[in-house]
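The values are calculated or read from the model by the stated rules, or taken from the named source; none is laboratory data. As the structure is a computational prediction, the values presented were derived from the model and not from experiment. All Cβ positions, even for glycine, are placed from backbone atoms using ideal geometry, and neighbour counts span all protein chains on display.
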Amino acid sequence: MEPWIVTSGHLGTHGREKHHFGGSVRKGEYIVDSIIAFNDVRIIDGTGAEPISGGAVVVEGNRIRDVLSHRATSLPPGARTIECKGRTLLPGLIDAHVHIICVEEDFGDALRKESPSLLTIRALSGLRQALDQGFTSLRDCGGLDAGFRTAIERGYAVGPRLKVSGRHLSMTGGHGDGRWPAEFHEPAATPWSFKGIVADGIEECRKAAREQLRQGVDFIKIMAGGGCLSPTDHPGASQYSHEEIGTVVSEASAVGTYVSAHCYSNQSISNCLEAGVKSIEHGNFINKETAESLVRHGAFLVPTLSAYEISPDHGDKPGFPVEYRRKIEYVRERSKDALKTAVDAGCIIGSGSDLFGAAQKRRAAELELKAEVMGALEAIRSATSVNARILGDSEELGSIEPGKLADMILVDGDPLENIGILKDYHEKIPVVMIDGKFHRNELI
């Protein structure tokens, strides 16, 4: 069982019992009024298995009842059938590294200028847009607080299933310290903008971690190395000591959750692995030895290739310093080689986009970029069943298997032949289902 808990009815953290949405899957008779059958469909189930052609998937209530290698022909009267005509059914996509609150490319100054109410409305719009794209689950790695998750769960807002880390933790001068050298005080920011907590030393790190956990986050995000979009560090820098990282890991573990760490360099990755960090974000400089260490520690790697391929497009916009673009290019040049190194070492590789501003409309580009290194089937697996493991929801999400929650998308075409069609969600994804309900169904 994954170490996740229920807080106020959500698939969350902190050591309490694991929550299952909906009822258990019963044997025997169908519930006639709640059956939907996808017939004549190509099934890519998210496990890495070869596709099933001409099959069927039967949904009962909010769960997958049957996965068949042939048409579903023994349905009771009143069951709803969708003739898919050879289209492809995939698990709902999962993006394991997002910053939904970064609604502008210039997320520094812009997020300090907009009111909390406006930022909230724009973030909710971004969540709905992610679901439109076929992403039925997101892991927000800094920015959103637990209220956004609760709003979706209670039906106040429309969006994917959501895991949040609240405010990330950074050392002074680290990737999460947004001050320029001439600034001696933190710039003002609205409560849930992309603004971290600067914490130094064991006791400050302990208090910062406990505060985020008190606020109901699902996991804790730390900045354990330098970055591209920070003013006073370099991507190759190692940040936070082993003791500081270990303190945060201890606090997270005490309530049944984990730590995710921003890292590029081998030293920063090694520091995190030795301290018990579960999820390494980016990893663009990883070498063979460090990749093998990641495997031994059983940690996840979440590369974010699209952040470096797409973000430079915005490098000449006001508020986006040229030095940021230079750092992005420096990191981008190493990203695919690092992914290949990780694949060859046998790392467990998830999928994240790490996009901001208008680029968030292009989050499926991550799968296309990964497919250049891993192949399309493995890229899909990374963004479905592997990401479900990272979220702690592998028993419920991430694959098309009997008993799993019915989060699925229907694609007009074969993503194994052209995975780029997932980017064209307006035209190529006519059906998005979450929790057994249609968010979009253009085949009616």
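Within region 367-382, residues that are assigned to a helix (DSSP H, G or I) reach partners that are modelled with pLDDT of 95 or more and among the hydroxyl-bearing types (S, T, Y) with beta carbons closer than 6 Å, at six or more positions or on different chains, in the pairs S382/S351. In the set A157, A79, only one residue is surrounded by fewer than 21 Cβ atoms within 10 Å (Cβ to Cβ), of a type in the set (A, V, I, L, M) and under 17 Å from N441 (Cα atoms); that residue is A79. Every condition in (1) in contact with a His (Cβ under 6 Å, 6 or more places away or on another chain); (2) not assigned by TED's automatic domain parsing to the domain that holds T136 is met by D354 except one, and the failing one is (2). Hey, can you tell me all the residues within region 230-244 that are within 25 Å of S335 (Cα to Cα), out of contact with any Phe, Trp or Tyr (no Cβ under 7 Å at 6 or more places or on another chain), buried (at least 21 other Cβ atoms within 10 Å of the Cβ) and of a type outside the set (S, T, N, Q)? D233, Y240, listed by residue number.
Residues in region 347-371 that are of a type in the set (A, V, I, L, M), crowded, with 23+ Cβ neighbours inside 10 Å and modelled with pLDDT under 95: L355 only.
Put simply, of A376, A383 the only residue that is within 22 Å of Y425 (Cα to Cα) and either modelled with pLDDT under 95 or in contact with a Pro (Cβ under 8 Å, 6 or more places away or on another chain) (or both) is A376. Under the condition of being in contact with a Gly (Cβ under 8 Å, 6 or more places away or on another chain) and assigned to a helix (DSSP H, G or I), the residues counted in region 278-289 number 0. Within region 424-441, being assigned to a loop (DSSP other than H, G, I, E, B) and either buried (at least 23 other Cβ atoms within 10 Å of the Cβ) or modelled with pLDDT under 95 (or both) holds for one residue alone: I429.
Of the numbered criteria (1) touching a strand residue (DSSP E or B) at 6+ places or on another chain (Cβ under 8 Å); (2) assigned to a helix (DSSP H, G or I), the one G398 fails is (2). Looking only at residues in region 261-277 that are assigned to a loop (DSSP other than H, G, I, E, B) and touching a helix residue (DSSP H, G or I) at 6+ places or on another chain (Cβ under 8 Å), the one that is surrounded by the most Cβ atoms within 10 Å (Cβ to Cβ) is Y264.
Kindly provide the set of residues from region 248-285 that are under 16 Å from P303 (Cα atoms), touching a Pro at 6+ places or on another chain (Cβ under 9 Å) and not acidic (D, E), ordered by number. Answer for region 248-285, where residues must be under 16 Å from P303 (Cα atoms), touching a Pro at 6+ places or on another chain (Cβ under 9 Å) and not acidic (D, E): Y264, S265, H282, G283, N284, F285. Taking the conditions exactly as written (touching a Cys at 6+ places or on another chain (Cβ under 7 Å) and either over 27 Å from I35 (Cβ atoms) or not in a helix (DSSP H, G or I) (or both)), does I421 satisfy them or not? Spelling it out, it is not the case that I421 is touching a Cys at 6+ places or on another chain (Cβ under 7 Å) and either over 27 Å from I35 (Cβ atoms) or not in a helix (DSSP H, G or I) (or both).
For G227, the conditions (1) modelled with pLDDT under 95; (2) surrounded by 23 or more Cβ atoms within 10 Å (Cβ to Cβ); (3) out of contact with any helix residue (DSSP H, G or I) (no Cβ under 9 Å at 6 or more places or on another chain) all hold with the exception of (3). The single residue among D316, D344, D414, D337 that is more than 21 Å from the chain's Cα centre (by Cα), surrounded by fewer than 23 Cβ atoms within 10 Å (Cβ to Cβ), modelled with pLDDT of 90 or more and not in a helix (DSSP H, G or I) turns out to be D414.
For region 199-216, the criterion of a residue being within 30 Å of D407 (Cβ to Cβ), modelled with pLDDT of 95 or more and buried (at least 21 other Cβ atoms within 10 Å of the Cβ) is satisfied by at least one position.
Please tell me if H175 is out of contact with any Pro (no Cβ under 6 Å at 6 or more places or on another chain), under 28 Å from A130 (Cα atoms) and at pLDDT below 95. Considered against the rule, which asks whether it is out of contact with any Pro (no Cβ under 6 Å at 6 or more places or on another chain), under 28 Å from A130 (Cα atoms) and at pLDDT below 95, H175 comes out as yes.
Pull up region 114-157, narrow it to residues that are assigned to a loop (DSSP other than H, G, I, E, B) and within 20 Å of A365 (Cα to Cα), then point me to the one that is nearest to the chain's Cα centre (by Cα). Out of the qualifying residues, it is C141. In the set G398, G392, G420, only one residue is under 12 Å from S137 (Cβ atoms) and touching an Asp or Glu at 6+ places or on another chain (Cβ under 6 Å); that residue is G392. Is region 98-112 home to any residue that is modelled with pLDDT of 95 or more and touching a Ser or Thr at 6+ places or on another chain (Cβ under 8 Å)? Yes.
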